[in-house]
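What follows is one structure encoded as structure tokens, with my remarks underneath.
The values are calculated or read from the model by the stated rules, or taken from the named source; none is laboratory data. Here the structure is a predicted model, which means the values were calculated and not measured. Methodologically, a virtual Cβ is constructed for each residue, glycine included, from the backbone with ideal geometry; neighbour enumeration extends over all protein chains shown.
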């Protein structure tokens, strides 16, 4: 196992990105892990949501350096119309003005969802098909809700790894 060559958080994101790029080939070449491919994907996804945000040397939240543009399906694998609720940071989830479907805000909600175990893996025909994500504020009001197919999770993770590497330069 090789040592990290760059700054730890940058190398972690880069290596995770490489795993995601080789994901399908790796699964195909390693039949003994068949059935665990989703676990590998979820581990990569969780790592990308948490490690860069927690280890950013600038001392600020790395998600603040992510694009503020509205998320789109072509680039990130997320159709904004499929997001049930997406409250902005500190916003009231019951008002339309508080809605914030920016990349940075969605990453924040995903991070909170997985870090606080507010997600549920969904199956269809005995196969994992999607993940339901939910986030809540301190008063337990729902602030985010989205069900995302696993293929879209991979697309999102790859794109967000690009964004993190660009932001951490």
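Considering only the stretch 107-134, how many residues are assigned to a strand (DSSP E or B) and more than 13 Å from the chain's Cα centre (by Cα)?
9
Being buried (at least 17 other Cβ atoms within 10 Å of the Cβ), modelled with pLDDT of 70 or more and either under 30 Å from residue 89 (Cβ atoms) or in contact with a strand residue (DSSP E or B) (Cβ under 7 Å, 6 or more places away or on another chain) (or both), is that true of even one residue in the stretch 20-34?
Among the residues of the stretch 20-34, at least one is buried (at least 17 other Cβ atoms within 10 Å of the Cβ), modelled with pLDDT of 70 or more and either under 30 Å from residue 89 (Cβ atoms) or in contact with a strand residue (DSSP E or B) (Cβ under 7 Å, 6 or more places away or on another chain) (or both), which makes the answer yes.
Take the conditions surrounded by 15 or more Cβ atoms within 10 Å (Cβ to Cβ) and either within 30 Å of residue 100 (Cβ to Cβ) or at pLDDT 90 or above (or both) and apply them to residue 66. Does it pass? Lay out the reasoning, then the answer.
On the way: surrounded by 15 or more Cβ atoms within 10 Å (Cβ to Cβ): yes; either within 30 Å of residue 100 (Cβ to Cβ) or at pLDDT 90 or above (or both): yes.
It is true that residue 66 is surrounded by 15 or more Cβ atoms within 10 Å (Cβ to Cβ) and either within 30 Å of residue 100 (Cβ to Cβ) or at pLDDT 90 or above (or both).
For the stretch 137-155, which positions are surrounded by fewer than 18 Cβ atoms within 10 Å (Cβ to Cβ) and either within 16 Å of residue 115 (Cβ to Cβ) or free of Cβ contacts under 8 Å to residues at least 60 places away in the same chain (or both)?
Selection gives 137, 138, 139, 140, 141, 142, 149.
Is one or more of the residues making up the stretch 138-151 under 13 Å from the mean Cα position of the chain (by Cα) and not in a strand (DSSP E or B)?
For the stretch 138-151, residues under 13 Å from the mean Cα position of the chain (by Cα) and not in a strand (DSSP E or B): present.
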